[in-house]
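Take a look at the structure set out below.
The values are calculated or read from the model by the stated rules, or taken from the named source; none is laboratory data. Just so you know, these numbers come straight off a predicted model, no measurement behind them. Counting neighbours? That spans all protein chains shown, and the Cβs are built from the backbone with ideal geometry, glycine included. These accessible areas exclude ligands, DNA and RNA; they are computed on the full protein's heavy atoms, side chains included. Shrake-Rupley method; radii C 1.70, N 1.55, O 1.52, S 1.80 Å.
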Amino acid sequence: MTNPYAHIIEPLDPQKPDHKFFNLKKLKDPRYGKTLPFSIRVLLESAVRNCDGFLVKKEDVEKVLNWKVTQSQTVEVPFRPARVILQDFTGVPAVVDFAAMRDAVKKLQGDPEKINPVCPADLVIDHSIQVDFNRKLYLMSVFIFKLRSFGAGVGGIEAEAVMLGQPISMVLPEVIGYKLQGTPNKYITSTDIVLTVTKHLRQVGVVGKFVEFFGPGVAQLSIADRATIANMCPEFGATAAFFPVDQISIHYLKQTGGNRSCLETYSCSPVSSITVCVCVCLQQGFKGFQVAPERHDVQVSFQFNGAEYSLSHGSVVIAAITSCTNTSNPSVMLGAGLLAQRAVKAGLSVKPYIKTSLSPGSGVVTYYLKESGVMDFLSQLGFEVVGYGCMTCIGNSGPLPESVVEAITQGDLVAAGVLSGNRNFEGRVHPNTRANYLASPPLVIAYAIAGTMRIDFEKEPLAVNSQGKEVFLRDIWPTREEIQAVERQFVIPAMFKEVYEKVEKVNERWNSLKAPSDKLYTWDPNSTYIKSPPFFDGLTRELQTPNSITDAYVLLNLGDSVTTDHISPAGNIARNSAAARYLTSRGLTPREFNSYGSRRGNDAVMARGTFANIRLFNKFINKQAPSTIYLPTEETMDVFDAAEKYQQAGHPLLILSGKEYGSGSSRDWAAKGPFLLGIKAVLAESYERIHRSNLVGMGIIPLEYLPGDSAESLGLTGRERYTVIIPPQITPRMTVDIKLDTGKTFQAKMRFDTDVELTYFHHGGILNYMIRKMSQN
């Protein structure tokens, strides 16, 4: 059918009639007025533009228009993003999945070429670079895509369906207005503001909601500042963050030559709002980390490059300025450079055993750091450009010196990492840094110079120079005005234009890659990086009726805040791990293991890496370790080995967890891995939004305790066997009975939040659904 709203289409510019848009004002609907938040207008425009009577219906448009009422009624609407962007941790698995999906569609007598993106998509390779090691870039040329970009955050599994034309099914969200007012102190950095806003929104609770920023304080934030705040959405739990378009936005487009895609921003007319002053500051510092008071001052001496040093609790061993939005923000990067310049001139240095690195988010950063004359000073403190990528923030910090690791281990020290990224979950940055702090790039350098997190910058000097003079942070800290003056002089439009024009030309190795024209990918059985996943083995056209989960064992009994890094680590592969044993059996040496993140195209590695984080706390063994108890024999073993034994015996598996299961970065292998381990359901007190969606996407049931219930209140030990009763007719968020082999029965909510999610579940997951759909003539 034709779009029922075609009558409101008009040219953007009468002089260019080919460029058209849907003018929502022509709806002449009073509900589209000043009280409809601008972020909801984005959903409305998408629904109007994509209304085809099938995937998006007129009733969906009505639901969005009626947002004032429907926001509190758990109303489901489809949303079709116009563009998709994937970083390599989700993008490479997506490409592998597409290749496997083509094979599956072919087996079902369908046209495999239907498995091809129907919307513009970008795959950005930026998570695979590791500090210290030159790694080969293993690429898979399955088919050629047109690559571009994506909107608000979803999981990688859901993004695959979006690329194939499937709308996202979402519940109309509440919109929270966040009012900014006041002026930042002259010594405050953008990162300080960002982390304070993040902390505040966590306290308020905005999970699953849209946040719109407004008020006079917005004008104090650059576009880079706003993008940094929006980039923290996963940290404060919101689905999206919006800012008003203003003159600062226009200036940014002019400054960058108009060829950078900036954050889509909108002004705000919130129904409920929060007000906060932007004149805030962030306090860092060692917090004890459950170290007994009598052990706070333990020191361990060690040798490094022929000199003697000592470490204690809170000692900094990693200091990284990483390629988050922080390192595409000129104000904090130039601030770091100016601080480094003053530190060097004051005679300060960084201890050589501290692993320092600078991995900017863009080549433009290197350009203006050199042009402004501060790059040499950063290099003198050890912050040399090691590449362009996430590196330390994603866990690719590389190894620490052996003598440092031995000292940390000998003293059981809480060593620290400090980084300018946006993730600092335990066990993510490095297995030997139990405390990891997020800080602005200038503060990263300051803590590196101090060598410890246990410092009060206002009262204690950073260091004593060779002349015996105490140098305090305030002596070398640049003001916002000083930073802005340098930015105005050196961050110019021509710089952006020159760098971005070269992006597609300078990498000869990349440009020389040949992409085969075959419809199906030829899998290399000798590859340890790319392997056909078993997700679709045995898939038929006919749906299988979901059965109850009967007499399931609990594989892991976990607590609160289990992150996707705990579930599917991205960092190094330990030599004593199940994944290491597999790679060794394939003829690889430990130096060739690389990281879990780099091998995300190989399900055999990733399944073995599931729950392989050394900081995973399993109540069964009452300590941190990637191990569990195989309950039939009471043997302690690696999680993968236990899961394999359960599967060989035909036993289904469950995970018990507490609050915020799956928090942290979106990581599709945190759902794919458990699926391959034979986990049929997770029972938790609450879920991170995207991870719950990923579980649904893989056909794993997200069960949620009823309000007031928990494993503790119900007396669950995890040693019981669980039967989850799945009724013939399932409805969204329905309550189901769970029976234990002890005779106890309790209820939990099945977190299928929409009818579309139930459809995916009946198909065994969203990818199975898409294969069956694409196999139809």
Looking at Glu704, Glu712, Glu688, which one is open to solvent by 20 Å² or more (accessible area, probe 1.4 Å) and closer than 26 Å to Val162 by Cα?
Glu688
Consider Gln729 carefully, then state whether it is assigned to a loop (DSSP other than H, G, I, E, B) and either farther than 15 Å from Ser548 by Cα or assigned by the TED database to the domain that holds Pro652 (or both).
yes
If you scan the range 523-540, which residues turn out to be open to solvent by less than 100 Å² (accessible area, probe 1.4 Å) and either in contact with a His (Cβ under 7 Å, 6 or more places away or on another chain) or assigned to a loop (DSSP other than H, G, I, E, B) (or both)?
Trp523, Asp524, Ser527, Thr528, Tyr529, Ile530, Lys531, Ser532, Pro533, Gly538, Leu539, Thr540
For the range 535-567, name all the residues that are over 17 Å from Glu644 (Cα atoms) and in contact with a helix residue (DSSP H, G or I) (Cβ under 7 Å, 6 or more places away or on another chain).
Phe536, Leu539, Arg541, Leu543, Pro546, Thr564
Can you tell me how many residues in the range 715-741 are touching a helix residue (DSSP H, G or I) at 6+ places or on another chain (Cβ under 9 Å), of a type in the set (Val, Ile, Thr) and open to solvent by 40 Å² or more (accessible area, probe 1.4 Å)?
1
Criterion: touching a Ser or Thr at 6+ places or on another chain (Cβ under 6 Å), β-branched (Val, Ile, Thr) and farther than 30 Å from Met101 by Cβ - qualifying residue of Thr191, Thr183, Thr196
Thr191
Just to be sure before I move on: is Val75 open to solvent by less than 10 Å² (accessible area, probe 1.4 Å), of a type in the set (Val, Ile, Thr) and touching a strand residue (DSSP E or B) at 6+ places or on another chain (Cβ under 7 Å) in the structure I sent?
no
Candidate set from the range 181-239 (those that are among the acidic types (Asp, Glu) and part of a helix (DSSP H, G or I)); member that is farthest from Glu482 (Cα to Cα)
Glu235
Screening Lys68, Lys63 for residues that are charged (D, E, K, R) and open to solvent by 80 Å² or more (accessible area, probe 1.4 Å) leaves only Lys68
So, in the range 742-755, exactly how many residues are in contact with a helix residue (DSSP H, G or I) (Cβ under 9 Å, 6 or more places away or on another chain) and basic (Lys, Arg)?
1
What residue, among those in the range 334-372 that are of a type in the set (Ser, Thr, Tyr) and under 30 Å from Gln303 (Cβ atoms), is surrounded by the most Cβ atoms within 10 Å (Cβ to Cβ)?
Ser359
Search result, residues across the range 479-522 that are of a type in the set (A, V, I, L, M), over 30 Å from Ala604 (Cβ atoms) and surrounded by 15 or more Cβ atoms within 10 Å (Cβ to Cβ)
Ile483, Val486, Val491, Ile492, Met495, Val499
Among the residues of the range 290-333, which ones are in a strand (DSSP E or B), of a type in the set (A, V, I, L, M) and either crowded, with 20+ Cβ neighbours inside 10 Å or touching a His at 6+ places or on another chain (Cβ under 7 Å) (or both)?
Leu311, Val316, Val317, Ile318, Ala319, Ala320, Ile321
Unmet criterion (only one of (1) surrounded by fewer than 22 Cβ atoms within 10 Å (Cβ to Cβ); (2) touching a Gly at 6+ places or on another chain (Cβ under 8 Å)) for Arg751
(2)
Residue check, Ile690 against (1) closer than 26 Å to Arg600 by Cβ; (2) at pLDDT 95 or above; (3) touching a Ser or Thr at 6+ places or on another chain (Cβ under 6 Å), all met but one. Which one?
(2)
Against the conditions (1) at pLDDT below 95; (2) under 23 Å from Leu767 (Cα atoms), where does Gly673 fall short? Just the number, please.
(1)
Members of the range 453-470 that are surrounded by fewer than 18 Cβ atoms within 10 Å (Cβ to Cβ) and in a strand (DSSP E or B):
Val464, Glu470
Being assigned to a loop (DSSP other than H, G, I, E, B) and either under 24 Å from Leu703 (Cβ atoms) or modelled with pLDDT under 95 (or both) is the filter here, so list the residues in the range 627-661 that pass it.
Leu631, Pro632, Ala649, Gly650, His651, Pro652, Ser657, Gly658, Lys659, Glu660
Given the residues Val414, Val418, Val429, Val405, which is the only one that is open to solvent by less than 10 Å² (accessible area, probe 1.4 Å), touching a residue at least 24 places away in the same chain (Cβ under 8 Å) and farther than 29 Å from Met375 by Cα?
Val414
Would you mind stating whether Thr564 is not small (Gly, Ala, Ser) and not assigned by the TED database to the domain that holds Gln647?
no
If I ask for residues that are of a type outside the set (Phe, Trp, Tyr) and under 14 Å from Gly609 (Cβ atoms), which ones from the range 645-679 would you list?
Arg667, Asp668, Ala670, Ala671, Lys672, Gly673, Pro674, Leu676, Leu677
Filtered residues of the range 84-106 (kept if out of contact with any helix residue (DSSP H, G or I) (no Cβ under 6 Å at 6 or more places or on another chain) and of a type in the set (Phe, Trp, Tyr))
Phe98
Is the range 166-185 home to any residue that is among the aromatic types (Phe, Trp, Tyr) and farther than 22 Å from Pro244 by Cα?
no
Using beta carbons and a limit of 8 Å, which pairs, at least six apart or on different chains, have the first residue in the range 757-777 and open to solvent by less than 20 Å² (accessible area, probe 1.4 Å) and the second one modelled with pLDDT of 90 or more and of a type in the set (Lys, Arg)?
Ser775/Arg541
Given the criterion over 27 Å from Val77 (Cβ atoms) and in contact with a strand residue (DSSP E or B) (Cβ under 7 Å, 6 or more places away or on another chain), identify the matching residue among Val724, Val756, Val736, Val696.
Val724
Just one of (1) at pLDDT 95 or above; (2) more than 30 Å from Phe236 (Cα to Cα); (3) over 26 Å from the mean Cα position of the chain (by Cα) trips up Gly678, so point out which.
(3)
